[in-house]
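Here is the structure we will look at.
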Amino acid sequence: MAAVQGGRAAARGQWLLARWARPLLFTLCLAPLAWLVWGAAADRLGANPAEALIRALGDWTLRLLCLTLVVTPLRLALKVPALARFRRMLGLFTFFYALLHLLSYAWFDMGLEPGEIARDIAKRPFILVGMAAFALLTLLAATSFNRAMRWLGGRRWQQLHRGVYLIAVLAVLHFWWMRAGKNDFAEVLVYGALLAALLAARPLLRRRAGLQKG
Amino acid sequence: LPARRTAVAGGLSMEKLTAYKDATTYNNFYEFGTDKGDPVKNAATLKTRPWTVAVEGLVNKPRTFGIEELLKLSPQEERIYRLRCVEGWSMVIPWVGYSLAELIRRVEPQGSAKYVEFVTLADKPTMPGVNSRVLDWPYTEGLRMDEALHPLTLLAFGMYGEVLPNQNGAPVRLVVPWKYGFKSAKSIVKIRFVEKEPGTAWNKAAKNEYGFYSNVNPDVDHPRWSQATERRIGEDGLFAKRRKTLPFNGYEAQVGQLYAGMDLKKFY
């Protein structure tokens, strides 16, 4: 009986192991960028294209962060181990969009002047929080490769990469602070609730999986 | 909306006009939503006829004006003003209207009237944003009497030679070009003459961020961002450098004397 169940679980999500699965995800992750580049080139980003671009890239960073964090809960809840092979790519795309978000801010808003950026970080706490999140994200991206994993050792690597929880908190704080001027928190709450649920789901699902094993 | 060119000093900026499309699709008009694309999407519900503006308070001749009567009260003039938003962007817009002073003169303010308060429409069925708690509705604004009487202070009924689009504050709004945009109340229904400085919507929402005066001033930062520069909407695309913001939005020669001796850092 147990063997039959195990067989079914292994069969579930088999298609995710197909060779085209990762290139497909890669292409999908690039689609928002392609859409934005086209929008900028065709002057379809509205009256303030710089602002539209900076904000859209921030939105996509948050969305990819949510997608990255949904992988593990989904894998545990649905018992589809194959999902794990997409986590690193999603995490790196989160970093990629965060980098573009930061670069577009530095370029369009700050004219790529380091002095201006430094003054802005000192002036606006939400910029400081965003920068802190990005710094941490950079650290995780830089240690996402197999060699870095081996070098750090599994346990230390895992501890370091739990930093993604802090990144999620900082990212939502960054967004919340940005919207605070308009008292308009509807979208912030959606992302905040989603990320909180995803983070809370992990220990719950792990414990359930642990209990079943025992 | 037919108009003659204005003769008011500083009333005709020679700068390149902002595209009509940009000026009518990128708006802050929170009664229709806080996103700048919301007003153009949602403001079609605004009913601008019939429309009345009640003028009351410390005046000898309080009365209610119908919009048709207001349109004919004084000859319509074209004014080309720079508009600087507190958020750090700016436009150049050709407005149509006449000096608010024309209206004020006709109602004969009493000596005790030191300030003018503007109350705008807050109509839940037609304005979805009024259900939100972003601001204390109705949106109100205010000017000191000498500011209200300044010839540059415009009661506007149109822009780009046409009647005001709903999202830009139809059918009648204020334009005070040397102050941040939020001082220029849209869709006005009441003008009240009072003795004490009236509360204003943004000042009530965040006292330390939005002062009563809110004159454009590159040397007084908003608590959460710098006001030293601005992005001119529609200028040279994505990579255009931000412009330096000018004191009183470039109208210092015309209005500077109103604030002689005042500490503008204190009265921001």
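The values are calculated or read from the model by the stated rules, or taken from the named source; none is laboratory data. In this text the structure is predicted, and so the values were computed from the model without any measurement. As a convention, Cβ positions derive from the backbone with ideal geometry for all residues, glycine included, and neighbour counts pool all protein chains shown. Each accessible area value is taken on the protein alone, full model and side chains, heavy atoms only, with ligands, DNA and RNA left out. Shrake-Rupley method; radii C 1.70, N 1.55, O 1.52, S 1.80 Å.
Here is how the numbers come out for the structure above:
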item: Residue in region B:198-209 that is under 25 Å from B:Asp136 (Cβ atoms), within 19 Å of the chain's Cα centre (by Cα) and of a type in the set (S, T, N, Q) present; result: yes
item: Subset of region B:201-213 [more than 14 Å from every other protein chain (Cβ to nearest Cβ) and either among the β-branched types (Val, Ile, Thr) or open to solvent by less than 10 Å² (accessible area, probe 1.4 Å) (or both)]; result: B:Gly211
item: Candidates A:Ala42, A:Ala47 - the one that is under 30 Å from B:Thr24 (Cβ atoms), within 14 Å of chain B (Cβ to nearest Cβ) and either surrounded by fewer than 21 Cβ atoms within 10 Å (Cβ to Cβ) or in contact (Cβ under 8 Å) with a residue 60 or more places away in the chain (or both); result: A:Ala42
item: Qualifying residue in region B:184-200 (condition: within 14 Å of another protein chain (Cβ to nearest Cβ) and within 30 Å of B:Phe157 (Cβ to Cβ)); result: no
item: Within region B:13-25, tally of residues that are closer than 19 Å to B:Val176 by Cα and open to solvent by 50 Å² or more (accessible area, probe 1.4 Å); result: 3
item: Residue match in region B:150-157 (condition: open to solvent by 20 Å² or more (accessible area, probe 1.4 Å), among the aromatic types (Phe, Trp, Tyr) and assigned to a strand (DSSP E or B)); result: no
item: Qualifying residues in region B:232-246 (those that are under 19 Å from B:Ser13 (Cα atoms) and in contact with a Phe, Trp or Tyr (Cβ under 8 Å, 6 or more places away or on another chain)) - the one surrounded by the fewest Cβ atoms within 10 Å (Cβ to Cβ); result: B:Arg232
item: Every residue from region B:214-224 that is closer than 17 Å to A:Met178 by Cα and open to solvent by 40 Å² or more (accessible area, probe 1.4 Å); result: B:Asp221, B:Pro223, B:Arg224
item: Hey, B:Asn249 more than 10 Å from chain A (Cβ to nearest Cβ), within 18 Å of the chain's Cα centre (by Cα) and open to solvent by less than 10 Å² (accessible area, probe 1.4 Å) or not; result: yes
item: So A:Pro23, is it out of contact with any strand residue (DSSP E or B) (no Cβ under 8 Å at 6 or more places or on another chain) and either within 14 Å of chain B (Cβ to nearest Cβ) or open to solvent by less than 40 Å² (accessible area, probe 1.4 Å) (or both); result: no
item: Residue list for region B:36-47, filter: exposed (fewer than 15 other Cβ atoms within 10 Å of the Cβ) and either hydroxyl-bearing (Ser, Thr, Tyr) or part of a loop (DSSP other than H, G, I, E, B) (or both); result: B:Thr45, B:Lys47
item: Residue in region B:63-72 that is surrounded by 14 or more Cβ atoms within 10 Å (Cβ to Cβ), touching a residue at least 24 places away in the same chain (Cβ under 8 Å) and either assigned to a loop (DSSP other than H, G, I, E, B) or among the acidic types (Asp, Glu) (or both) present; result: no
item: Residue that is of a type outside the set (Val, Ile, Thr) and buried (at least 18 other Cβ atoms within 10 Å of the Cβ), where the choices are A:Ala98, A:Ala84; result: A:Ala98
item: Subset of region B:136-149 (residues that are closer than 21 Å to A:Arg179 by Cα and surrounded by fewer than 21 Cβ atoms within 10 Å (Cβ to Cβ)); result: B:Asp136, B:Trp137
item: Any chance A:Ala41 is touching a Leu at 6+ places or on another chain (Cβ under 8 Å) and hydrophobic (A, V, I, L, M, F, W, C); result: no
item: Selected residue (criterion: nearest to the other protein chains (Cβ to nearest Cβ)) from residues of region B:215-226 that are touching a Phe, Trp or Tyr at 6+ places or on another chain (Cβ under 9 Å), of a type outside the set (A, V, I, L, M, F, W, C) and in a loop (DSSP other than H, G, I, E, B); result: B:Arg224
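Listed here are the residues, each with its yes/no results for (1) more than 14 Å from chain A (Cβ to nearest Cβ); (2) open to solvent by less than 30 Å² (accessible area, probe 1.4 Å); (3) part of a helix (DSSP H, G or I); (4) without any contact (Cβ under 8 Å) to a residue 60 or more places away in the chain.
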| site | (1), (2), (3), (4) |
| --- | --- |
| B:Ala54 | yes, yes, no, no |
| B:Arg82 | yes, no, no, no |
| B:Val86 | no, yes, no, no |
| B:Ile93 | no, yes, no, no |
| B:Val96 | yes, yes, no, no |
| B:Leu103 | yes, yes, yes, no |
| B:Gly111 | yes, no, no, yes |
| B:Phe118 | yes, yes, no, no |
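Here's the yes/no breakdown for (1) within 13 Å of chain B (Cβ to nearest Cβ); (2) touching a residue at least 60 places away in the same chain (Cβ under 8 Å); (3) touching a Cys at 6+ places or on another chain (Cβ under 6 Å):
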{"position": "A:Gly153", "(1), (2), (3)": "no, no, no"}
{"position": "A:Ile167", "(1), (2), (3)": "no, yes, no"}
{"position": "A:Ala171", "(1), (2), (3)": "no, yes, no"}
{"position": "A:Arg179", "(1), (2), (3)": "yes, no, no"}
{"position": "A:Lys182", "(1), (2), (3)": "yes, no, no"}
{"position": "A:Phe185", "(1), (2), (3)": "yes, no, no"}
{"position": "A:Val188", "(1), (2), (3)": "yes, no, no"}
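Results for (1) without any contact (Cβ under 8 Å) to a residue 60 or more places away in the chain; (2) within 27 Å of A:Ile54 (Cβ to Cβ), shown as yes or no for each residue.
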site	(1), (2)
B:Lys190	no, no
B:Pro198	no, no
B:Asn203	yes, no
B:Asn217	yes, yes
B:Trp225	no, yes
B:Arg232	no, yes
B:Leu238	yes, yes
B:Lys241	yes, yes
